[in-house]
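The values are calculated or read from the model by the stated rules, or taken from the named source; none is laboratory data. All values derive from a computational prediction rather than experimental measurement. Using ideal geometry, Cβ is built from the backbone for each residue, glycine included, and neighbour counts are taken over all protein chains shown. Please note that ligands, DNA and RNA were not included when accessible areas were found on the heavy atoms of the full protein model with its side chains. Shrake-Rupley method; radii C 1.70, N 1.55, O 1.52, S 1.80 Å.
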Amino acid sequence: SPTCSPTRSALMTGRHPLKNGITHTILERERMALKATILPQVLKKAGYTSGIFGKWHLGDNYPMRPSDQGFEYSFIHKGGGLGQPSEPIENNQRYTDPILFRNNSEVATKGYCTDLYFDEAIKFINISVTAKRPFFAYIATNAPHGPFGDVPEKLLEYYKTKDIASILPEGQRDNTKQLDKVARIAAMITNIDQNVGKLVSLLDTNKLLENTIII
């Protein structure tokens, strides 16, 4: 689908978004039908533990939260993303040190949002491995996405030294604002790449790569 919530509902259910009652990302049109059966509910029957980290965007309130839909552990933001109206107003527009929700309880955090999601997922996987339980970790980052003001500074400085102008259309190559935006998006993407590297390293260390599906 061309927008977020319909796509996420299809991923979770294996069904067309309209069968899940979702047609958009706003105005209550992103709330998944309660009759929908989703992946963690099915996996739970097979003995799996399931955790979600980052973005859900299929309903913020009972009985539509991840914890109501089969996820045993959740560490998420509300709504469509950080810096949107569902986030506590004093925290608006902030990707660093965001206010998140761990198992439905509001928590103040320290760090960049994508790093926080992966770090929490890695803890969840380690606990699952120790408990000898198969796991499903749904790590859905809200970046890269606007607002683009808040990105990891070291990565931003790195991309500001690169020839970003060469990938832009000719008429935009002298546009300082556009060059800055592209550098920020690149920093967000590289930050995800680095975190995926940490995750794969964890699986390798625990000898789980041969028995884990990574999508």
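Restricting to DSSP H runs of at least four residues, report the calculated mean residue ellipticity at 222 nm for the chain, -39500 (n - 2.57) per run over all residues, nearest 500 deg cm²/dmol.
-11000 deg cm²/dmol
Taking amide H positions as placed in the peptide plane 1.01 Å from N, state which residues far from S74 in sequence (5 or more) or on other chains have amide H under 5 Å from it.
Under 5 Å from the amide H of S74 lie the amide H atoms of I52, N103, each far enough along the sequence or on another chain.
Do any GluC sites (Glu not before Pro) in region 25-134 lie in a loop, going by DSSP, with at most 10 other beta-carbon atoms within 10 Å of their beta carbon, and if so which?
Here the sparse-neighbourhood loop sites are E28.
How high is the relative contact order of the chain, in percent, counting Cα pairs under 8 Å that sit 6 or more residues apart?
Relative contact order here is 15 percent.
I'd like the orientation of helix 176-205 relative to the chain: the angle between its Cα long axis and the longest Cα principal axis, in ° from 0 to 90, rounded to 10.
The angle comes out at about 40 degrees.
Calculated from the structure, P(r) over Cα pairs in 10 Å bins from 0, in percent equals which of [x] 8, 35, 36, 18, 3, 0; [y] 8, 32, 31, 14, 10, 4, 0; [z] 8, 30, 34, 21, 6, 1?
[z]
Student exercise: in region 1-125, how many lysine pairs 8 or more apart or on different chains have Cα atoms under 30 Å apart?
Number of lysine pairs found: 21.
Helix 4-13 versus the longest principal axis of the chain: what is the Cα-based angle in degrees, 0 to 90, to the nearest 10?
With both axes taken from Cα atoms, the answer is about 30 degrees.
How far is helix 113-130 tilted, in degrees, relative to the longest principal axis of the Cα atoms in the chain, given as a value from 0 to 90 rounded to the nearest 10?
30
Using the Cα centre as the reference, give the magnitude of the dipole from point charges on the C-beta atoms of region 1-41 (Lys, Arg: +1; Asp, Glu: -1; all else neutral), rounded to the nearest 20 debye.
That gives a dipole near 120 debye.
If you take all C-alpha pairs in region 148-208, what percent of them are over 16 Å apart?
Pairs farther apart than 16 Å: 52 percent.
State in Å² the accessible area per residue of the chain; use a 1.4 Å probe, count heavy atoms of protein chains only, and round to the nearest integer.
55
State the Kirkwood hydrodynamic radius of region 18-116 in Å, one decimal place, computed from all pairs of distinct Cα atoms.
Across region 18-116, the inverse of the average 1/r is 14.2 Å.
Taking the Cα centre of the chain as origin, work out the dipole magnitude from +1 charges on Lys and Arg Cβ and -1 charges on Asp and Glu Cβ, in debye rounded to 20.
760
Which one, R65, R15, R102, has the greatest fluctuation when you compute a Gaussian network model over the chain with C-alpha springs under 10 angstrom?
R15
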